[in-house]
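> Handing you this structure, nothing more for now.
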Amino acid sequence: MRLSYPTNVRIVKVPCTGRVAIIHLMKALERGADGVFVAGCLEGDCHYQAGNLRAKKRVNYVKQLLANIGANPERVAMYNLSAGMGPRFAEIAREMTEKVRQLGPNPVKTGGAIKEVAA
């Protein structure tokens, strides 16, 4: 099956989404990615027990970090789907690409300022 998703989507394969660390998500944004999404197993169906639940917590933490520094937390997302849901993956990739396009370029990449948030 040939999936059709945007050519600007870069796939990084990992054995389990539980291996995706906060630093990986932040580094992707720091290096200029306009958005990042993690696609993992369906909840309760993780081959490595609870890896996708750990990934979900990490993605939510990164969303909080982005909100705290004044960046839009919608630049990061987590989706759960099975390996047999290829067409759904392509649909998610298109949806995420459109969402990020509406948000505009990553302020880090464009050299724009991220608004300050009072502590």
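> Give the calculated FRET efficiency between His24 and Ser4 to the nearest 0.05, with a Förster radius of 30 Å applied to their Cβ-Cβ distance.
0.70
> To continue, here is another question. Given Cα pairs under 8 Å that are at least 6 residues apart, what percent is the relative contact order of the chain?
It rounds to 34 percent for the chain.
> Further question on the same structure: Starting from 0.36 nm per residue, how many nanometres of slack lie between Val12 and Ile69 once their C-alpha separation is accounted for?
That works out to 17.9 nm of additional length.
> Next question. Report, as a whole number in µm² per second, the diffusion coefficient that Stokes-Einstein gives for the chain at 20 °C and 1.002 mPa s using the Kirkwood radius over alpha carbon pairs.
142 µm²/s
> For Val36, list long-range residues whose amide hydrogen, built 1.01 Å from N in the peptide plane, is under 5 Å from its own amide hydrogen.
Result for Val36 returns Val76, Ala77.
> Say R0 is 22 Å: what FRET efficiency, to the nearest 0.05, do Arg94 and Leu42 get from their beta-carbon distance?
Here the calculated transfer efficiency is 0.60.
> In addition: Report the label-to-label distance for Lys109 and Leu81 in nanometres (one decimal), using points 7 Å from each Cα along the Cα→Cβ vector.
2.1 nm
> How much length is gained on full extension from Arg31 to Asn60, taking 0.36 nm per residue of separation minus their Cα-Cα distance?
Length gained between Arg31 and Asn60: 8.4 nm.
Throughout, read-outs are computed from the coordinates displayed, never taken from laboratory work. This one's a predicted model, so the numbers in the text were calculated from it and none came from an experiment. So basically every Cβ, Gly included, is an ideal-geometry build from the backbone, and we count neighbours across all protein chains shown.
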